[in-house]
Amino acid sequence: MTVATLAKPDYDVLNVVALKKMASVPVIARVCGRDTADADAALARLAETGLVYLADGAALPSDEAEPALAEAASRFYAGVRQDPLIASLVDRFDKVNAQFLKAMSAWQLIEVGGRKITNNHRDSAYDDKVIFRLGRLIQQLQPLLTALAEHDRRFLTYQHRFLASSRAVDGGQHDLVSSPTADSIHNIWFEFHEDLLRTLGRERTE
């Protein structure tokens, strides 16, 4: 099978579509840090080459998307993969990620009488402690995001997204901790982790 060769603007757009599984033009533009006209034009090119499907104002990745992204990432991010600072920060991220997963589990489940039950979020003191933990973990992620942004400025959008969602959570919008349908802290972290693995040419281990 011939793998499509992506230009960088098209890689950025296809990467977002693959991370989100389905995304509209405004969402793609916001996450890429591009205007909607550029995102729309990139989607048209990707659809012509069979890398995305367009339906009802949204884009979905085709089976050919992942091989094309992997090939492009190996070209665009060779420098990232050889950067010793990033390698060191990624090693730390693996530990921070494990702590993040525990914190998200603590947000979703609480222990009562030795049993784990769904958190009904009536204990604001408990929830505030988990939110504080998540905030600390996001702070620990910043050096890696900054180092990645030295190679590709698009990684700065993760910092902006984390900041916006964290501020909303601090303002009482607690659905933005883990909502599967919003730009929640959980979704941003998950997308970053997938993006990082693709950038480094690695497979998910957990």
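Legend: calculated FRET efficiency, Ala7 to Thr36, from the Cβ-Cβ distance at R0 = 22 Å, rounded to 0.05, equals 0.75. Modelled spin labels at Ala149 and Tyr126, positioned 7 Å past Cα toward Cβ, are 3.6 nm from each other. Per-peptide packing, taken as the mean over residues of other Cβ atoms within 10 Å, places 13-26, 35-48 in the sequence 13-26, 35-48 from highest down.
With viscosity 0.692 mPa s and temperature 37 °C, the Kirkwood radius over alpha carbon pairs of the chain converts through Stokes-Einstein to a diffusion coefficient of 180 µm²/s. How many angstrom lie between the C-alpha centres of the stretch 94-159 and the stretch 164-195? Centre-to-centre distance over Cα atoms comes out at 9 Å. Here's how it looks for Leu109: its modeled amide H is under 5 Å from those of Asn119, which are all 5 or more places away or on a different chain. Helix 65-76 and the longest principal axis of the Cα set of the chain meet at an angle near 80°. Quick one: grab the alpha carbon gyration tensor of the stretch 8-76, order the square roots of its eigenvalues as a ≥ b ≥ c, and give me rounded if a/c is under 1.5, else prolate or oblate depending on whether a/b is larger than b/c. It comes out oblate by the Cα gyration axes.
Close amide-amide hydrogen proximity is noted between Ala59 and Ala23, Ser24, each under 5 Å apart and 5 or more residues distant or on a separate chain (H modeled in the peptide plane; Pro and chain starts excluded). Working note: Karplus 6.51/-1.76/1.60 with θ = phi - 60° gives the stretch 111-127 the couplings 9, 10, x, x, 10, 8, 10, 4, 6, 8, 6, 8, 9, 5, 5, 4, 4 Hz, where Gly and Pro are set to x. At an R0 of 30 angstrom, the distance between the Cβ atoms of Ser74 and Leu54 translates into a FRET efficiency of 0.65.
Given the DSSP H assignment, sum -39500 (n - 2.57) over each helix run of at least 4 residues in the chain and divide by its residue total; what's the result at 222 nm in deg cm²/dmol, nearest 500?
After summing the helix terms and dividing by the residues of the chain, the value is -21500 deg cm²/dmol.
In sequence order, the stretch 82-93 has phi-based couplings of 9, 7, x, 5, 5, 4, 5, 5, 5, 4, 5, 4 Hz under the Karplus curve 6.51 cos²θ - 1.76 cosθ + 1.60, θ = phi - 60°, and Gly or Pro positions carry x. For a paramagnetic label modelled at 7 Å from the Cα of Asp170 toward its Cβ, which residues of the stretch 125-157 fall within the zone defined by backbone nitrogen distances under 20 Å? Zone members listed by number: 125-146, 156-157.
Any read-out appearing in this document is the output of simple, stated calculations on the displayed coordinates, not a laboratory observation. Keep in mind that this is a model prediction, so the values were computed, not measured. Cβ coordinates were reconstructed from backbone atoms using ideal geometry, including for glycine residues, and neighbour counts include every protein chain displayed.
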